[in-house]
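The values are calculated or read from the model by the stated rules, or taken from the named source; none is laboratory data. This structure is a prediction, so every number in the text was calculated from the model and none was measured. Here the Cβ is made from the backbone with ideal geometry for all residues, glycine too, and neighbour counts use every protein chain on show. Heavy atoms of the whole protein, side chains included, go into the accessibility calculation; ligands, DNA and RNA do not. Shrake-Rupley method; radii C 1.70, N 1.55, O 1.52, S 1.80 Å.
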Amino acid sequence: MKAGDELEPLTIPITRTLIVSGAIASRDYQDVHHDAELAHQKGSPDIFMNILTTNGLVGRYITDHFGPDAVLRKVAIRLGAPNYPGDTMVLSGTIAEVEGDTAQVKVVGRNGIGSHVTGTVTVTVPEGSAA
């Protein structure tokens, strides 16, 4: 693990089920995350993914790469273009810096509209873990 290393991209199909189940799992019952009619009335073309689901997917991306012993120390993300059903998000990452067993990873998730999520994840990878 060294600065400049790129993580293998992760492609995630954005399905209606993923959006709704993520909202339910995170107890985010705002109608724009599960009711297309009400989302339309509020000016959205469809339901869209909530930030908590995105946060979980970013965490999954990092732990899939660094292994089950990796510990997420900090996840700082910002949302951009919405994730709508039928699109695909591709997460990519680059290790920005490494100090001992801890790395800062710059993460971007892009969909058909643009960047859905950008941010930095601080992760600790215990010595001897797969990374």
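Highest mean first, what order results for 103-112, 90-99 on Cβ atoms within 10 Å? Could you put the intermediate results ahead of the total?
Details: 103-112: 20.0, 90-99: 16.3.
Averaged packing, sorted descending, gives the order 103-112, 90-99.
Provide the per residue accessible area, probe 1.4 Å, for the stretch 31-116, rounded to a whole number of square angstrom. Display every interim value, and only then the final one.
Numbers: 4330 Å² over 86 residues.
Value for the stretch 31-116: 50 Å² per residue.
What's the center-to-center distance, using Cα atoms, between the stretch 8-45 and the stretch 55-108 in Å?
The stretch 8-45 and the stretch 55-108 have Cα centres separated by 20 Å.
Sorted from largest down, give the three principal axis spans of the alpha carbons of the chain, whole angstrom values.
On the principal axes, the chain reaches 51, 26, 20 Å in Cα extent.
Given the DSSP H assignment, sum -39500 (n - 2.57) over each helix run of at least 4 residues in the chain and divide by its residue total; what's the result at 222 nm in deg cm²/dmol, nearest 500?
Details: 3 runs with 32 residues, N = 131.
Mean residue ellipticity, 222 nm, calculated: -7500 deg cm²/dmol.
Considering only protein heavy atoms and a probe of 1.4 Å, how much of the accessible area of the chain is carbon and sulfur, as a whole percent? Could the numbers behind the result be given before it?
Working: 3590 of 7070 Å².
Percent of accessible area from carbon and sulfur atoms in the chain: 51.
Ranked from highest to lowest mean number of other Cβ atoms within 10 Å per residue, what is the order of the peptides 57-68, 6-17? Mind showing how you got there, number by number?
Numbers: 57-68: 18.2, 6-17: 13.8.
Highest-to-lowest ranking by the protection proxy: 57-68, 6-17.
Expressed as a rounded percentage, what relative contact order does the stretch 4-131 have, with Cα pairs under 8 Å and six or more residues apart? Kindly include the intermediate steps, with their values, before the conclusion.
On the way: 271 pairs, mean separation 36.7, N = 128.
Across the stretch 4-131, relative contact order equals 29 percent.
What is the distance, in nm, between label points placed 7 Å from the Cα along the Cα-to-Cβ direction at SER21 and at MET1?
So the label points at SER21 and MET1 sit 2.9 nm apart.
Could you pull out every residue, at least 5 positions away or on a different chain, whose amide H is within less than 5 Å of the one on MET89? Hs are placed 1.01 Å off N in the peptide plane, and Pro or chain starts have none.
Hits under the 5 Å cutoff: ILE12, ILE14.
Using the crude model of +1 on Lys and Arg Cβ and -1 on Asp and Glu Cβ, and no other charge, please compute the dipole size for the stretch 15-131 relative to its Cα centre, in debye to 20. Mind dumping the intermediate values first?
Working: 9 positive and 12 negative charges, 40 e Å.
So the magnitude is around 200 debye.
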